[in-house]
Amino acid sequence: MNLIGRMTGRRGLATTAVACAAGAGLVLLAATRGWQDVLTNQPAPLPPITKHRTGTEIAPWLPALGVVALAGAGALLATRAAARLVVGALLILSGAGVVAAALVTLGDDVKVVWPLLCTLGGLVVLAAGLVTVRAGRSWPGMGARYERPAAPEKKPDRPASQAELWDALDRGEDPTTGDRP
C-alpha cells in the first residue's frame, strides 16, 4: 500500500494539516532571515556599509505564500469534500510558488541555507496539497457540534412581551423578523 493510500481518516487529515503548517512555518522562518550581505563602498574617509537583506526583501512574495499555506492548513480542518479539493489545489500552487521563488534567488552571493530551507518548506506544502487532492475526500469533516442549530419556527398568536423579546436576543435570534402585528 502506498503512502497516499494510508492517508485516510482522521490520522491522514491530522498528519497532512500538521505537515502543511510545519512547511508554512519553515517558509516564514527562512524568509525572515538574512539571505544576502551587500557591501557599499563610501568615499575615502568613511568605512564601507554592510546591509543585510532578508529573503522577504529579495523575494517579497515568499511570506505571502507562506501565510496562504498556513491558512490552508487550517482550512483543511474546516472544509469538506469539494471545498477541500480547492484548498488542496491552492496548497499545490502555493508550495510550487515558494519553491520557484526560493530557487530563483540562488546566486548573487545569497547564503544558500535559507533559500534551501524555504524550498524544503515549499516542497512539504506542495506534498500536503497533493495528498489533499488525492485522499481529501476520505477525510472526515468537522462535527455537527460546530454548526449552528436551526431555530424552531413558531408563530405567536399574540404580541411578544418584553421578556420574550429579550429572551430571543439572548438565544441569538432576531425578534424583529417575522410577521408581528
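Place the peptides 105-112, 134-141, 38-45 in order of packing, highest mean first, counting for every residue the other Cβ atoms within 10 Å and averaging per peptide.
Details: 105-112: 12.5, 134-141: 17.2, 38-45: 7.8.
Taking the mean over residues of other Cβ atoms within 10 Å, the ranking is 134-141, 105-112, 38-45.
If you scale each eigenvalue of the Cα gyration tensor by 5 and take the root, what three semi-axes come out for region 1-112, rounded to whole angstrom and sorted largest first? Could you put the intermediate results ahead of the total?
On the way: eigenvalues 311, 29, 24 Å².
Values for region 1-112, descending: 39, 12, 11 Å.
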Original post:
Compactness ratio of region 37-77: Cα Rg over 2.2 N^0.38 Å, N = residue count?
Top reply: 2.03
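The numbers here are math on the coordinates, done by the rules we state, and not lab data. Remember, predicted model here, so these are calculated numbers, not experimental data. Note: ideal-geometry Cβ built from the backbone for every residue, glycine included; neighbour counts use all protein chains shown.
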